[in-house]
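Notes follow once the structure below has been shown.
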Amino acid sequence: DAGVTQSPTHLIKTRGQHVTLRCSPISGHKSVSWYQQVLGQGPQFIFQYYEKEERGRGNFPDRFSARQFPNYSSELNVNALLLGDSALYLCASSWETGREGYTFGSGTRLTVV
Amino acid sequence: DAKTTQPNSMESNEEEPVHLPCNHSTISGTDYIHWYRQLPSQGPEYVIHGLTSNVNNRMASLAIAEDRKSSTLILHRATLRDAAVYYCILRALGTGGSEKLVFGKGTKLTVNP
């Protein structure tokens, strides 16, 4: 079975640009969460979606948005990129809202220059 | 958010048991204790989780103190592949059924051959 798939794996953007990151959860998983991991730190929670509805939002500015599609895949959008947005963006999925462990993807490495 | 405290680093020898401690003195009654580990350039990998009782699975054991203010992840026989950053996390249940994992900095485990 395929794990959590994220695309792209790496990308470089310029300050002020917009970026869209994509996540395909494990088949049947209805909950998708996004995390940001800055170098040397633990991941920080950005969003959680369950059954296409936003269930939680972390302490991130409105430049960050996300959505979940009917097939449970998800997109994370970041507008007006700042240098500080450079990080590894991780997607995690689970059957329900974390009743068991989450499965993480390998992440998208975003570099803002 | 309830927080956890872990040693920054630990060392072990191959094929010896490893006990990774975690303090979570502000844990609430509904918080589950999760452990994940992360290898370089990969997303976190679920290891084990529990609520009150000790838990065992094929990867590790989790010992939870009676007052739930601390826990210990036990790797019974460390291998070189166990070298990673280990995160002790409280699964925080938010409003509206939202859930998030609150990561600290974790413990970097070095396994010596």
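List of remarks:
- Over region A:65-113, the ratio between the Cα radius of gyration and 2.2 N^0.38 Å evaluates to 1.35.
- Burial of accessible area (probe 1.4 Å, heavy atoms of protein chains only) in region A:64-113, relative to its chain alone, reaches at least 50 Å² for A:TYR102, A:PHE104.
- P(r) tail for region A:2-71: Cα pairs beyond 17 Å make up 52% of the total.
- Remark on region B:39-113: hydrodynamic radius 14.0 angstrom, per the Kirkwood mean of 1/r across alpha carbon pairs.
- Buried area at the B-A interface (accessible, heavy atoms, 1.4 Å probe, summed, Å²): 1600
- Total formal charge among the other residues, if their Cβ is under 10 angstrom from that of A:GLU51, Lys/Arg +1 and Asp/Glu -1: +1
- Cα gyration tensor shape of region B:16-68, rounded if a/c is under 1.5, else prolate or oblate by comparing a/b with b/c: prolate
- For the pair B:LYS69 and A:LYS30, a Förster radius of 45 Å applied to the C-beta separation gives a FRET efficiency near 0.85, rounded to the nearest 0.05.
- With the biggest extent put first, the Cα atoms of region A:27-113 measure 37, 24, 20 Å across the principal axes.
- 1.4 Å probe accessible area per residue over chain A, in Å²: 47
- Accessible area per residue, Å², region B:71-113 with all protein chains present, probe 1.4 Å: 43
- Split the accessible area of the protein assembly as shown by element, probe 1.4 Å, and carbon with sulfur accounts for 48%.
- Kirkwood estimate for the protein assembly as shown, i.e. one over the average of 1/r between Cα atoms, Å: 18.0
- Theoretical FRET efficiency, 1/(1+(r/R0)^6), r = Cβ-Cβ of A:HIS10 and A:GLU100, R0 25 Å, to 0.05: 0.25
- DSSP bridge analysis restricted to chain A gives an antiparallel fraction near 90%, rounded to the nearest 5.
- Antiparallel %, DSSP beta bridges [both residues in the protein assembly as shown], to 5: 90
The values are calculated or read from the model by the stated rules, or taken from the named source; none is laboratory data. All values derive from a computational prediction rather than experimental measurement. A quick note on method: Cβ atoms are made from the backbone with ideal geometry, for glycine too, and the neighbour counts reach across all protein chains shown. Quick note on the areas: whole protein, heavy atoms, side chains included, nothing else; ligands and nucleic acids left out. Shrake-Rupley method; radii C 1.70, N 1.55, O 1.52, S 1.80 Å.
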